[in-house]
Each structure stands twice: as C-alpha cells, then as structure tokens.
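Remarks on the structure that follows.
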Amino acid sequence: MAKVHSHGLIGAFARHPVAANLTMIIILLLGAVALMKLNVQFFPNFQLEMIQIRVIWPGANAEDVERSITRSIERALRTEDGLDQMSSTSSEGMAVIMLKYLDGTNMIEALERVRQKVTALRNLPEDAQKPVIEHVQRYERIAKITLVSEQGDLMALRAWAQRFERELLDAGVDRVIFSGLPDLRLRVEIPQENLIRSDQTLPQWGSLIARQSRDLPLGSVGERESARDLRFSEKRESPTAVANLSVPTADVPDLRLRDIGTARWAVSSSAPLEWLGQARAVTLEVQRSENGNTLKSAKIVYDWLQRARAELPQGMKLVIHDETWSLVKQRIMLLVNNGLGGLLLVLAVLFIFMNGRVAFWVAVGIPTSFAATLAIMWLTGGSINMVSLFALIMALGIIVDDAIVVGEDALAHYERGEPPLQAAEGGAHRMAAPVTAASLTTIAAFLPLMMLTGTMGNILEPIPMVMVAVVAASLLESFLVLPGHLRHALAKIDPQKPNPIRQKLERGIDHFRFVWFRAVVRWALANRALVLSATLGLMILAIGLLAGGRVPFTFFPSPESNKVSAYIQFVAGTPAEDTQAYAQRVRQAALDTADALEPGMLKVAILRLNKTRAATGQHYATVDLEFVDSDQRQTRNTTFIEEWRKRIGPEPPGLDSLIIATPKMGPQGADFEVQMYGAPLEKLKAASLRLQQALSEQPGVYAIEDDLPFGKVQWVLHLTPAAQALGMTVEDLAAQLSSAFASRLVQIFTHGEDEVELRVQLPQAQRTELATWRALQIRTPQGWAPLDQLVHIEEKQGFEVLRHVDGRLGVTVRADVDHTRNNANALRAQFEKTLFPQLAQEYGVKFSEQGRARDQKATLENMKIGMLVGLALIYLILAWVLASYGWPLLVMMAIPFGLIGAIFGHWVMGLDLTILSLFGFFALAGIVVNDSIILVTFYKQLRQKGMAVQQALEEASVQRVRAVLLTSLTTIGGLLPLLFEKSLQAQFLIPMATAIAFGLMASTLLILLVVPVLLSLYEQLAGEKMRA
C-alpha cells in the first residue's frame, strides 16, 4: 500500500505531539474572549444611511409649509449624490424631509453637502426657524418605564422624570426619551379689552416685555484698583417675576404686567399627554446605542429601578413594561435550547454511524469551530442576535461535514490495515481537494447573499457572514486539529476486537449498504428512463405548487406581537373633549375584553391623547395595550381585536378612523402599501377612498388607512379696500392675528432642564371661541377698527398633512394582511389587473409600490443577481477541481433536487415561502452540492483504477452512502428541533429550517439514485462521441 508522505501544514500538525491540542486550546480561548466581548441585542448592528431635515414655521398650515419650505428644499437636494429616496411630510407648522442614501454612502460627507445646500437657500420664510439637519442614528429600545402620579401634578412629574433621566444616564444607559411630557411654556395672556385700553398690540407688548426682561453684560470697571464686572440681570424666568415686570406707559408710569394680563406656566393645547388608569403619567423610554449591550443595559435599568421605587413619594409609582430586553433574552434562550437539542441529535447520528472514538473527535470539532466562528464575528464587528444565533443553529450540522468526510476516510483506511498516523494524515491529504471544493462551493452559495442592500440586507447579513466563518473554521479544524486527534484515536481502536454494540451497528449499516441499497442502485441503473421520468415529474409538481398558489410567497411574516394599539382620528377641528371621551371608551372596552376573554392576559393599558403613531393634534388619540407573552396566553391577537371592536360599539359623529393594529418585526411599512400620484389633491383623495373601500371588502385585510387626512376648514383672508385706505399692510395684520391666535415668541430661556419659550397671546377662553373673531379689534395707523371691516374671507377645505416621495405629491394607502387568510402579493397582483387601471382612467393617478413591497422588489432583484453569481462561482470551482466542463453540470444537478424537497416541505408543513425560505434555497445549493461532490469524486477515482462504468457507479454509491447520509443527517438533525418548535416567536425562522431540512432529505435520496443514472448517461454519450 502506497505510503502518504508527510508534507505541508497537514503533515506537520498531524505528526507534532501537541500541536493539535495547543491549536484547539488557543481557538477555544479566543472563542471564550469573543463570547464575553460580543454585544447581545435583538437585531444586528447596522448604520442608517438617512438624513433628516426639520423646519418649524409656527402658525403655517400644511399647504403653506409644502409650498414655501418643502418644495424649495426638495429642489435643492434632488440632485444629491448617492440619494436612493427622498420623502417629505408637510404638516401644520412643520416640514420634515427624509433623505435615504444608497448603502456604503459616506454619511459625514453627505451631511456636510446637505447642510451647505440648505443653508444656501434664501427663499425660506423669514419667520421660519433655522433648519435642523441631522444624521438619523439607530437606537434599540430596552424598556419603557412609566411614572404615574395619582395627584396628576404635571410639574411634579416633570421634576421626577428629569431626575430619573439624569440618574439613568449617569448609570450608563445610552439614551432616555420622554413621552407624555409636553414642552413647558411661560404664557402671557392679555385680553382684547386691555389691548384697546393700553392702545398697544400684542406684538408691541411682546417687544416691550423683551426689552425689559434682559440680562446684559456691560464690561468692567476699576481695573487699577479692584476690578468689577458690570451687568444687568433683569431677566424674568417665572410667572411671578414676569407678572411683576414694570411696563410703564405715558399714561401709567408705574404699570405692572399683572395689571393688564396674566402670566402662567402652560403647555400646548395639542401637546401629547398620557394616562395609566385614571392617573396622569409620563413614560421614559430607555434605549441602547448601536454598540450597546441589551442585557447589560437591562441590568442597569433594573438595579436603578429598585433604588428609585424606594425614593418615590406617596401617590407616585413606576411601572416597567414593553421590555424588549426580555424579548431578546427569551428568543435567544429559545434558539439556544433548540441548538442544544440539535447538538444532541448531531452527536447521536455521529455515534450511530461512526466508531465511538472517531465520532468523539469529530464532535469535538463542533465547539472548536464554533469558538473560531465567535472569534471571527467579534473581530469583524458582529454581535449575538436573533439572526446570527439562527445562523449558528443552521451551521450545527454543516460544521461537522468536513470532519465527517476526513474521519470516515481515515477510519476506512485504518480498518484496511494502514498505521494510525498514515491513515489519519492520508485521510486529510486524500480528502483535501474534495473537502476544500465542497467548502468553497458552500461559501460561493452564501457570498451572493452579502449583495443584498437596504433594510433586509442589513437585517439578514449575519447569516452569510456566520456561515462563511463557520465553513472557514470547520476547514481549519478538519485539516490542522482533527488529524492529530485521529492519529491517537485510531491507535486505541482494535479492529480485531470491536465493541459488541458497535459490531451490531456496523453489521446493520453494512447490511443496509451492501444488500438493500446495492439492490436499489442496481435497479435504478437498470431503469434509467423510469427514474429520470419520476424525477422530472416531481419537478413539475413542485413548480405546479408554486404556480398554482398552493405555496404562496409572503415577504417577511412577523411573529405575533405582545402589543396591540388603537389609533383614533376624528375630523380636524373636533373638540378635544369629544376625542378624550371616545378614547376613554375605547380603553374601557379593551379592559372589558381582556377580562372576558382571558383574565390576566393584559399587562398594561396606556391612553395617549393628542397623538397617534404618525400625527399629533387635539383630534388624535391612541390606546396602547401590552399583553403577556404570546406563548403564555391562549387568546390570539386577531380574536382579541375582533371582540374589542364589538365592545367599542357604534362610531360617534366626527370619527374619521379607528385603526387597531399590531407592530410588525422586520422591514418598515405595511404588508400592502401603494402610493398614488400624478393628479390634483382632490382626485388623489377620491382615488384613495375607492382603494380603501376595495381593500375593506377583502378577507383578512385590516388597519386600512391613507396619509392624506382632511384638515380643518381654512379661512383664506384678503385685505379689503377699507383696510388699504387705513394704511394696513398684510404684514401688519398678519403680525397681530398670529400673535393673538398662534402666540408671539418673546424670549427663550432655560428653566432647570427645560428650554422654555415665553410667549404672548390672547387668553385661551377668547382664542377658542369663534365669537372672538367676530368681535376682534385691530390697531391700524388710523386707530382701532373691527376685523370684519379689514378682511374678507374665502373658505376652502384643507388637508392636514401633505406628503411627497421623490418630489411627487401623492397619497399612500396602507393595510396589513393576515397571511393565514389572504396574501399581500396576490392581492396586489389582483388589483394591478382590475382596480388600478380603473382608478388610473377615472382619476388620472399613477401607482408606485412603497413600504415592504418596495423592499421586496429590491431584495428579490438582488437575489436574482446573487443566484446567477452563486451558480457561476460554484461551476467555476467545480470545473477547476474536476478539470472538466461537463462533470460540474452533473454535480450541480443536485441543486434542483434539493429545491424539489424544499418546496414540498413548505407544502407539507403548511408554510408560505418567505425571504428566509429563499435564504434556505441558497444554503441548500451549497450543501447539496457537497454530497454530490463526494459521490462523483469517488466514482472518478474508481474509474481511474480501471473499474467498469456500471460497476464503478454501483460501488461509488454503496461505498459513499455512509458519508452522504452522515453529512445530510447531521445537518437535518441540527435543524430538527427548530423545525418542530411550537413557540410562536420562532415561527418566522421555521421556513428557512424547512427549506434546508426537507431539501436535504429529498436531495440525499435523489443524489444517491439519480446522479448515478445521470453519470451513466453522460458516460454513454461520451463513449458514443469518442467512437464517432
């Protein structure tokens, strides 16, 4: 028997007495360090390539903001380099423009360019505030802590909330943001009659207050003796101080501000407020930065919470909820437990099919390779998260494939009489080419997945990263560590005295291989046409399942959330009392529903006034519910929502919409999201209402809304000839009216930790009554005159919010789809054939996909390119290794075999195809090729030794069936616990496990039977060609 001479690293490590163990120890130590250093979080780290521009223009309506601010900024930025999408929202008093850049854009340079272009604009309104331009940073929520006051004292809540913010930041939390804590204002209110009596307008009173309330530096005096700094310190920063401000006039030299008006702390009437039960509340949302550790941050929060609760006065309490960190921990432990179950199955398969000592050292490669993978993840900036953990579970079976092939070959040669060292070293040398080729093809299958861009690419990037690291680590362990261990393990195996249990197992395996399986292979080779016809029939059936919609496609299904929210919107102009009364009714209905369906399922219910997820105002409200974990309750969200709607009862007058929805994990946007553009606003709104009506008639479609709500009725003012004759200008009249109804900014100062605006305006009682408008007096250059003599009014219906996408004014219709009852892709395809053409003809609108549909389109296009790149790389690798143009095609026939099983697997399991299923297809392409390589390589070796075609095919299949079954069963075993996981939180991962497991089951059978048939035909055709 030819001796394999020692050479290279393999020989050096195999023969060195301690090299294998030292290498293993170093790898394990690096893995331990990486495990301690890696961040633990929900989703992977990624940068948001987004810039936000925010401009405030007090008192302006949405159409004024859109015309005077939004369009100007959009025109300046539409040629910005690297811009992927520009969207904007123009609402009352504010414009927000979002710039989304292509992946890889240098955001520091982009931010500087945007600042220069916006700063250079000279046509923005003079009274608009300076644009705020910032790079959007990504933060992840740890938990929400709600501070509740039974007394309802907002100032006390403010003081305690700000104190808690300081304490949390000092303790090491990255960021704390408030909700339900409105901006503090110091408001001076002067009645109309006092303005007339003092013969001063509100703008004039504002200027007078600003002149009197000042801190001014005056230099210094006495430098030659003892220097003194000089300054005026007359700034008033409290209601009492402002009320006592001296505002002398010619008639009343000792006049104080309190004599003509009042000063008080106040908040905006449309500022968001919160209640927990019947008590006023403020919520602190604790967040971690991109590089923060979720579990460490959670420990900081809980340690602080114990101390803070002990310090609270009577009547106040802290309620922690929306604990994302807990969700992270639960899902990580879910995956870890499934991983441990998979590991036990992998070990069981190894010990059944291989000698115990060899199986042990092959199994040792699992922690060693995982440690190397963790080290690579740490060095490349990775983290422990849901996606990377799933990739590690998927790698459980793959990670031992290389070691199985090397170990199985070494054991076979040792049993034939080779010395342990020669068998171990020779096995590594002999398998170096096929194993390296198999590893490279696996890497080639995963590498294209790194080409994915956008949100999905960022979320799922750890899967290819981890898999490439696992394969590289496995290759390293199989050729540098394993041969040294096999050398010692084989030396302790006595082929003459096998273990009785091992002997029975070997007899059973040999009987299966040499009797049953050999007979099946012979039959397949004798009935080639029947085998190929059956395989082709399976392919047609699989394609039919897809084409017929039996296996539909859902882009990114989300696991059931523990939160449900009701978003309430009344018609603009609805009194705040009506909104609050209905919101209280909705909340009480939620409490009653929870008690009726499943007592104890509801953890917390918070009422938020003046705010929904996308808008603020007195006609908005939100009821946020949080349940116990979905696996700990029987009631599903859909059941709860249906019953909740019934208990809410009839809609009150003026209700625009009541949307009850649950948050979704993954890419932003609704399941169904379409923008309509290219028509006037009125036609866009009409088309939107038609589309919403059509969606409401579809089963399983809910949370239907658009982003073009009607606004308040607008009064457009025009100066009368009488006003012009009195010397009034638009500017003078606008200044008095905006000061009266929108307030006039006098000063900004710091009070504690608040930035406070001092404003003057009419009293609230006068501002909220239309009678004030009719009786309002305006100061003209000729004296006071009634307002109705100075202006005439044009009434029109306005819109509350106007939105642009890529500079186009449009309306976006959104809806969520229950994937158990309907399919968003099928719904969109149906409307594209029927409803969309009708709307386009009637209203002149055009359509554009947005949200998840846009992400889905971009992702699938990238995956198509990635598929071609992956297949090309696999072919090139195989052509190089096999030194042939035709043989690689035979090896790659394993790929469609695997896809047959994957598609049938989804059908059997009742699953939709998802984006993770497609990732599974890519993984499958690399894995199944490995089994095919093992078979074809061994067949070529037999042919080179002179064995006849049919005999070589039969022998190759029989001899390599153990290795093929081992590599397939270990991968399937690693995924099996996850495949049958019942937890609702793991359901979105199961399609990928299904694709790989069922694909491997089918491909293993078809590779062992169909590939020999294809090789037989190939050899026959090649022989006929040579004879010709």
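A short reminder: the numbers here are calculations on the coordinates, not readings from a lab. Bear in mind that the values here come from a model prediction, so they are computed numbers and not experimental data. A quick note on method: Cβ atoms are made from the backbone with ideal geometry, for glycine too, and the neighbour counts reach across all protein chains shown.
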(message) Just to check I understand the Karplus step: with θ = phi - 60° and J = 6.51 cos²θ - 1.76 cosθ + 1.60, what whole-Hz values come out for the stretch 390-395, glycine and proline as x?
(response) 4, 4, 5, 5, 4, 7
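What translational diffusion coefficient, in µm²/s and rounded to a whole number, does the Stokes-Einstein relation yield for the stretch 717-808 at 25 °C and a viscosity of 0.890 mPa s, taking the hydrodynamic radius as the Kirkwood radius over Cα pairs? Don't skip to the end; give the middle numbers.
On the way: Rh = 15.9 Å.
Diffusion coefficient, whole number: 154 µm²/s.
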(message) Take Glu63 and Lys296, extend 7 Å from each Cα along the Cα→Cβ direction, and tell me the distance between the two endpoints in nm.
(response) 5.5 nm
(message) Quick check: pseudo-label points 7 Å beyond the Cα along Cα→Cβ at Lys235 and Asp170, how many nm apart are they?
(response) 2.5 nm
(request) Give me the net charge of Leu918's neighbourhood, meaning all other residues with Cβ under 14 Å from the Cβ of Leu918; Lys, Arg count +1, Asp, Glu -1. (result) -1
(message) Here are a few candidate values for log10 I(q)/I(0) by the Debye sum over Cα atoms at q = 0.07, 0.08, 0.10 Å⁻¹: (1) -0.76, -0.92, -1.26; (2) -0.91, -0.98, -1.14; (3) -1.04, -1.08, -1.20. Which one was actually calculated from the structure I just gave you?
(response) (1)
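So if each residue of separation counts as 0.36 nm, and I subtract the Cα-Cα distance between Gln151 and Asn337, what length gain in nm does that give?
Details: separation 186, 0.36 × 186 = 66.96 nm, distance 4.69 nm.
62.3 nm is the gain from fully extending Gln151 to Asn337.
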(request) Quick one: net charge around Glu150, please, counting Lys, Arg +1 and Asp, Glu -1 for every other residue with C-beta under 10 Å from its C-beta. (result) +1
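By average Cβ neighbour count within 10 Å, what is the ranking of 690-703, 40-53 from highest down?
Values: 690-703: 16.5, 40-53: 19.6.
In decreasing order of mean packing, 690-703, 40-53 become 40-53, 690-703.
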(request) For Arg280, list long-range residues whose amide hydrogen, built 1.01 Å from N in the peptide plane, is under 5 Å from its own amide hydrogen. (result) Ser149, Gly152
(request) Can you tell me the FRET efficiency between Gln47 and Ile177 if r is taken as the Cβ-Cβ distance and R0 is 22 Å, rounded to the nearest 0.05? (result) 0.65
(message) Give me the three principal axis extents of the stretch 560-664 from the C-alpha atoms, as integers in angstrom, largest value leading.
(response) 43, 25, 18
(request) Mind putting a number on the dipole of the stretch 47-137 about its Cα centre? Charges go on the C-beta only, +1 for Lys and Arg and -1 for Asp and Glu, and I need it in Debye to the nearest 20. (result) 220 debye
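If r is the Cβ-Cβ distance from Glu577 to Asp754 and R0 is 22 Å, what FRET efficiency results, to the nearest 0.05?
0.20
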(request) Give me the distance in nm between label points sitting 7 Å out from Cα along the Cα-to-Cβ direction at Thr834 and Ser696, one decimal. (result) 1.8 nm
(message) Suppose R0 equals 45 Å. What FRET efficiency, 1/(1 + (r/R0)^6) with r the Cβ-Cβ distance, do Val33 and Leu591 give to the nearest 0.05?
(response) 0.35
(message) Quick check: residue separation of Glu794 and Leu111 times 0.36 nm, minus the Cα distance between them. What number comes out in nm?
(response) 241.7 nm
(message) I'd like the orientation of helix 528-547 relative to the chain: the angle between its Cα long axis and the longest Cα principal axis, in ° from 0 to 90, rounded to 10.
(response) 10 degrees
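Specify whether the C-alpha gyration tensor of the stretch 267-315 places it in the rounded, prolate or oblate class, a ≥ b ≥ c being the square roots of the eigenvalues: rounded for a/c under 1.5, otherwise prolate if a/b is larger than b/c and oblate if not.
It comes out oblate by the Cα gyration axes.
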(request) Would you mind ranking Ser739, Ser983 so that the residue whose beta carbon has the fewest other beta carbons within 10 Å leads the list? (result) Ser983, Ser739
(request) Provide Arg808, Arg309 in ascending order of the number of other Cβ atoms located within 10 Å of each residue's Cβ, fewest first. (result) Arg309, Arg808
(request) Please give the helix 949-979 orientation as an angle from the longest Cα principal axis of the chain, in degrees from 0 to 90, rounded to the nearest 10. (result) 30 degrees
(message) Defining a contact as two alpha carbons under 8 Å apart and six or more residues distant in sequence, what relative contact order in percent does the chain show?
(response) 17 percent
(request) Find the centroid of the Cα atoms in the stretch 260-332 and in the stretch 733-762, then give the distance between the two in whole Å. (result) 29 Å
(request) Report, in whole Å, the centroid distance computed from the Cα atoms of the stretch 911-963 and the stretch 502-565. (result) 14 Å
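From Cα pairs below 8 angstrom and at least 6 apart in sequence, can you work out the relative contact order of the stretch 560-664, rounded to a whole percent?
For the stretch 560-664, the relative contact order is 46 percent.
Remind me, what semi-axes does the stretch 47-137 give for its equivalent ellipsoid, largest first in whole Å, using sqrt of 5 times each Cα gyration tensor eigenvalue?
Values: eigenvalues 104, 31, 24 Å².
The answer is 23, 12, 11 Å, longest axis first.
Tally Lys and Arg at +1 and Asp and Glu at -1 over the other residues with C-beta under 12 Å from the C-beta of Pro44: what net charge comes out? Intermediate values should be presented prior to the final figure.
Values: positive: Arg138; negative: Glu140, Glu290, Glu461.
For residues surrounding Pro44, the net value is -2.
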(request) Distance between Cα centroids, the stretch 609-623 to the stretch 881-897: provide it in whole Å. (result) 61 Å
(request) Using only Cα atoms, tell me the angle between helix 576-597 and the longest principal axis of the chain; keep it within 0 to 90° and round to the nearest 10. (result) 30 degrees
(message) With the cut-off at 27 Å, tell me which of the pairs Lys37/Lys563; Lys130/Lys296; Lys329/Lys563; Lys296/Lys603 have Cα atoms farther apart than that.
(response) Lys37/Lys563; Lys130/Lys296
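Got the relative contact order for the stretch 47-137 handy, in percent, Cα pairs under 8 Å and 6 or more residues apart?
Values: 162 pairs, mean separation 42.5, N = 91.
Relative contact order here is 47 percent.
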